[in-house]
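> Pasting a structure here, questions to come.
The values are calculated or read from the model by the stated rules, or taken from the named source; none is laboratory data. Computed from a prediction, not measured in an experiment: that's the story for all the values here. In this analysis, Cβ positions are derived from the backbone assuming ideal geometry, glycine residues included, and neighbour counts consider all displayed protein chains. These accessible areas exclude ligands, DNA and RNA; they are computed on the full protein's heavy atoms, side chains included. Shrake-Rupley method; radii C 1.70, N 1.55, O 1.52, S 1.80 Å.
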Amino acid sequence: MSDPFDIASEPFFQNKSSASVEPAYLDGLNKSQCEAVEASDGPVLVLAGAGTGKTRALTTRLAHILLQGKANPWEMLAVTFTNKAAREMQSRVGGLLNRDTDGWWVGTFHALGARILRRNAEAVGLKSNFTIIDQDDQVRLLKQLTEVHNIDEKRWPPRVISGVIQRWKDRGLMPNAVSDAEGSDAADGKAVLIYKDYQERLALLNAADFGDLLLLCLELFKLQPNVLLEYQRKFCYILVDEYQDTNVAQYLWLRMLAQGHKNICCVGDDDQSIYSWRGAEVGNILRFENDFPGAKVVRLERNYRSTHHILGAASGLISKNEGRLGKTLWTELKEGERVAVRGVWDGVEEARIVGDEIEAQQSNGHSLNEMAVLVRAGFQTREFEERLIALGLPYRIVGGARFYERLEIRDAIAYLRVISQPDDDLAFERIVNTPKRGLGNVTIQTINIFARAERIPMVVAVNRLLETNELGARARTTLRDLLNDFGRWRVLASEVDHVDLARQILDESGYSSMWKMSKAPEAPGRLENLKEFLSAMEGFESLQGFLEHVSLVMDNEEAASEDKVTLMTLHGAKGLEFDMVFLPGWEEGLFPHQRAMDEGGTSALEEERRLAYVGLTRARKRVMISFAAHRRVYGNWQSAIPSRFIDELPPGNVEQLASQGLYGTGGMSGGLGVTSDFSDSQNKRHLRHNSFKEFPSWQKSVATAKDLDLVEFQPGQRIFHQKFGYGMILSIDGDKLEISFEKAGNKRVMTGFVERA
């Protein structure tokens with residue numbers, strides 16, 4: 001058998017296989033990295049801690065196997081989680097081998113699954129040219145099916161049912177494998193039937209969704225053992241990156257393919273498994289040695305990123321987790337500064353202190369690009385945005401829209417703009433049919449055409465059209481009622497506080513009820529942000545002052561330079577690094593998050609601790625953790641106690657800054673002792689009982705809200721860009737999106753310039 005990528009017979013290749021001379025490509029690798037590279041045969045698990053150079057070890061391993069003549073390029077399967085990681089791996093290996101890597105089996109789970117399916121599509125009821133549909137098409141197809149099955153869309157929106165089906169697919173479950181108990185929980189007990197019909201419709205359309213790309217591969221391997229055997233023989237070596245993030249379907253797919261040669265190398269970090277909410281199973285990496293008896297485990301523990309004290313704090317914290325394989329990071333870098341822990345009076349003071357420290361660091365010559373504020377929940381960014389704007393410090397929100405750019409906030413502002421300025425056509429058009437009032441596109445178009453022709457505001461145009469028959473009777477009634485509401489609210493604006501006015505508008509317009517009634521997974525987060533919006537208004541004397549402030553906020557991003565502070569959630573920060581990291585909001589109920597623990601118990605608490613570990617290990621030189629005695633939540637002041645994670649930090653690696661006597665002096669034995677009313681015995685009791693009934697009620701209310709920003713954008717999602725139009729997200733790289741636009745082709749754009757379609 002020959003192949004254009006066959007390099008095994010080349011003289012250069014053969015010379016490098018000499019055991020007496022260490023290959024040049026191993027230069028610069030440490031002992032553990034070399035061990036990971038050279039342990040080529042049999043199952044290998046590489047536990048790669050944060051900042052330990054795992055990408056270099058993984059790519060060098062791939063090149064090593066090829067250069068030693070153990071396999072040909074087409075006999076290797078290298079699996080990544082992102083297209084960027086796949087491209088980087090191909091680039092690095094290509095550099096080591098000095099040859100083109102196009103056509104190699106290197107890519108994401110979905111890309112490789114699609115490649116296998118296209119070669120064997122008929123076996124699972126498809127043709128080789130099948131279409132991969134995006135989320136928008138999935139929802140539209142499910143909408144048709146929910147109508148057929150008489151499902152109430154208000155109670156069970158098609159998008160929610162789509163989420164249910166995709167979770168089943170992530171677990172490798174075809175419709176006939178879903179239990180009756182699971183199926184009875186959604187869509188009035190008809191979810192499994194809808195799932196079955198959905199799969200049949202996809203087959204008729206010669207289409208598959210993203211979940212099918214692995215699910216149908218699993219089905220193919222079960223139905224056609226000879227096909228599975230072919231690929232088992234083909235892939236002599238399998239390499240997998242970020243193994244701790246695999247879901248059940250991905251795990252099963254890899255395990256089936258690896259049963260041939262059993263030369264599988266999985267690289268990952270159980271201490272950085274933080275995505276259970278999107279299907280990741282930390283148990284996959286924890287049971288690797290049971291799945292592959294005799295597996296060799298290599299630990300990459302030398303960290304090239306962080307200082308001694310940062311690593312000491314992170315390692316001490318994560319050691320409290322029981323569900324881990326265990327490793328201890330170390331470094332040859334300087335000892336550095338201790339991790340700073342500071343208690344503050346409230347969230348406003350917290351934002352002020354962080355903002356002032358960022359400004360001071362910038363004055364000392366440090367780049368804003370090397371500073372990040374990492375929060376547990378998206379709503380926390382608002383106060384930091386306000387403070388950075390006040391200081392004139394540019395910032396970027398990564399993984400989500402800036403606070404005042406979020407859909408629900410823009411809608412709320414549009415209502416207020418119409419009340420403040422009736423001639424604001426952009427605001428009027430945004431909310432005239434939000435929530436849905438039965439006004440169709442033809443009605444809106446008629447108003448627009450008339451307003452432009454007469455050169456009058458849309459509100460005036462509506463008033464004139466109400467006197468004609470240009471609009472249907474129902475539309476005239478709806479618009480007349482809406483204009484009456486606008487008039488009543490304008491009168492109310494002179495009688496009540498602007499915050500109460502906004503609250504009343506959101507309630508009486510039906511906008512708040514729209515999100516309360518919605519079954520969409522992002523709905524709780526939308527409501528949470530609206531309450532934070534009302535809290536933000538309290539800092540201004542008038543509605544006009546607030547709207548002017550918002551305009552300046554929105555303009556800030558346009559005028560800002562490229563040097564910016566990064567604001568993002570901890571979940572979004574994985575894989576990134578900064579010189580200085582601020583970790584605010586370390587309070588019980590917020591971090592660890594009460595909702596997560598209520599739903600997941602001890603396992604969720606351990607994942608929250610892993611999230612804290614990820615936050616700490618993003619920093620190269622400095623970390624500042626902060627917690628507040630009081631927070632304004634939903635407009636109400638509530639008390640808080642410090643996160644248990646603070647008391648779990650090793651005292652020798654931490655500097656406790658003055659907390660102005662907020663929590664008492666405490667003791668340093670066995671922890672920081674930041675609070676005198678949260679003793680060791682209480683700590684242990686709360687560790688055992690995750691309901692936290694003794695904790696203030698605000699923590700429960702914070703915890704029940706969804707953290708929308710964690711799923712703001714995701715591959716396969718349909719979006720809209722003002723310049724390029726509609727498209728589908730292919731991959732995500734921090735605050736940059738790779739998008740396939742319907743008319744403009746593939747483009748790379750910033751998250752701040754797109755919105756969900």
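> Starting from the Cα of ARG255, step 7 Å along the direction of its Cβ; do the same at MET517; then give the gap between the two resulting points in nm.
For the pair ARG255/MET517, the computed spacing is 4.5 nm.
> Calculate one ³J(HN,Hα) per residue across the stretch 299-308 by plugging θ = phi - 60° into the Karplus curve 6.51 cos²θ - 1.76 cosθ + 1.60, and present them in order as whole Hz with x for glycine and proline.
9, 8, 10, 7, 9, 9, 9, 9, 7, 4
> Starting with the highest mean, order 25-32, 212-219, 428-435 by the number of other Cβ atoms within 10 Å, averaged over the residues of each peptide. Show your work: numbers first, answer last.
Numbers: 25-32: 13.5, 212-219: 24.2, 428-435: 18.5.
Going from most to least packed, we get 212-219, 428-435, 25-32.
> Have a look at ALA502, GLY487, LEU471 and report the one farthest towards the positive end of the charge dipole of the stretch 461-509, computed about the Cα centre with Cβ charges (Lys/Arg +1, Asp/Glu -1).
LEU471
> Let me ask another. VAL460 to ARG155: FRET efficiency via 1/(1 + (r/R0)^6), r the Cβ-Cβ distance, R0 41 Å, to the nearest 0.05?
With R0 = 41 Å, the Cβ-Cβ based efficiency is 0.55.
> Right, next: Using Cα-Cα distances under 8 Å and only pairs 6 or more residues apart, what relative contact order does the chain have, in percent?
For the chain, the relative contact order is 15 percent.
> Now for a separate question. Out of residues 5 or more away from VAL754 or on other chains, whose amide H comes under 5 Å of its own, with H placed 1.01 Å from N in the peptide plane?
Sorted by chain and number, the residues that satisfy this come to none at all.
> Tabulate in residue order the Karplus-calculated ³J(HN,Hα) for the stretch 433-446, using 6.51 cos²θ - 1.76 cosθ + 1.60 with θ = phi - 60°, rounded to whole Hz; enter x for Gly and Pro.
So the Karplus estimates, Gly and Pro as x, are 10, 10, x, 4, 10, x, 8, x, 4, 5, 4, 5, 5, 4 Hz.
> At what distance in nm do the modelled label points of ALA177 and ALA24 sit from each other, each positioned 7 Å from its Cα along Cα→Cβ?
Spacing of the two 7 Å Cα→Cβ label points: 4.9 nm.
> Which of LYS234/LYS262; LYS143/LYS743; LYS154/LYS516; LYS84/LYS574; LYS262/LYS574; LYS169/LYS190 have a Cα-Cα distance over 19 Å? Don't skip to the answer; put the middle values down first.
Values: LYS234/LYS262 12 Å; LYS143/LYS743 26 Å; LYS154/LYS516 11 Å; LYS84/LYS574 15 Å; LYS262/LYS574 30 Å; LYS169/LYS190 17 Å.
Check vs 19 Å cut-off fails for LYS143/LYS743; LYS262/LYS574.
> On average, how much accessible surface per residue is there in the chain, in Å², for a 1.4 Å probe, leaving out ligands, DNA and RNA?
42 Å²
> Working out 0.36 nm times the residue gap between ASP100 and ASP507, then minus their Cα-Cα distance, what length gain in nm do you get to one decimal?
That works out to 140.4 nm of additional length.
> Compute the angle between helix 135-148 and the longest alpha-carbon principal axis of the chain, please, reported from 0 to 90 degrees and rounded to the nearest 10.
70 degrees
> Another question, then. What is the angle, in °, between the Cα long axis of helix 109-119 and the longest principal axis of the Cα atoms in the chain? Nearest 10 is fine, range 0 to 90.
Between the helix axis and the principal axis of the chain, the angle is about 70 degrees.
> Something else about it: Work out, step by step, the length gained on full extension between LEU325 and ASP423: first 0.36 nm times the residue separation, then minus their alpha carbon distance; give nm to one decimal.
28.9 nm
> I've got another one for you. Rank-order 533-539, 224-230 by packing density, defined as the average count of other C-beta atoms within 10 Å over each peptide's residues, highest first.
Result, highest mean first: 533-539, 224-230.
> For ASP733, what residues show an amide H to amide H distance below 5 Å, using hydrogens built from the backbone and excluding near sequence neighbours?
When sequence neighbours closer than 5 places are left aside, the close amide H contacts are GLU738.
> Quickly rank 295-303, 114-122 as a protection proxy: mean count of other C-beta atoms within 10 Å, highest first.
The peptides rank, most packed first, as 295-303, 114-122.
> Sticking with this one: May I ask you to derive the FRET efficiency for LYS196 and ARG480 from their Cβ-Cβ distance with R0 = 45 Å, giving the value to the nearest 0.05? Don't skip to the answer; put the middle values down first.
Values: r = 47 Å, r/R0 = 1.04.
Calculated value: 0.45.
> Further, regarding this structure: Roughly speaking, what is the stretch gain from GLU467 to ASN448, that is 0.36 nm per residue apart minus the C-alpha to C-alpha distance, in nm to one decimal?
Roughly 5.2 nm would be gained on extension.
> Leaving ligands, DNA and RNA out of it, report the carbon-plus-sulfur percent of the accessible area of the chain at a 1.4 Å probe.
On the way: 15440 of 31950 Å².
Ligands and nucleic acids excluded, carbon and sulfur give 48 percent.
> Continuing with this model, one more query. Over all directions, how big on average is the projection of the convex hull of the alpha-carbon atoms in the chain, in square nanometres? Write down the numbers at each step before the final one.
Values: hull surface 144.2 nm².
For the chain, averaging the hull's shadow over all directions gives 36.1 nm².
> Okay, moving on. Give me the net charge of ARG452's neighbourhood, meaning all other residues with Cβ under 15 Å from the Cβ of ARG452; Lys, Arg count +1, Asp, Glu -1.
-3
> Let me ask another. Which cross-chain or sequence-distant (5 or more) residues have an amide H under 5 Å from the amide H of VAL298, H modelled 1.01 Å from N in plane?
LEU45, VAL46, LEU47
> Let me ask something additional. Return the sequence-ordered ³J(HN,Hα) values of the stretch 380-387 in whole Hz as given by the Karplus equation 6.51 cos²θ - 1.76 cosθ + 1.60 applied to θ = phi - 60°, using x for Gly and Pro.
5, 5, 4, 5, 6, 4, 4, 5
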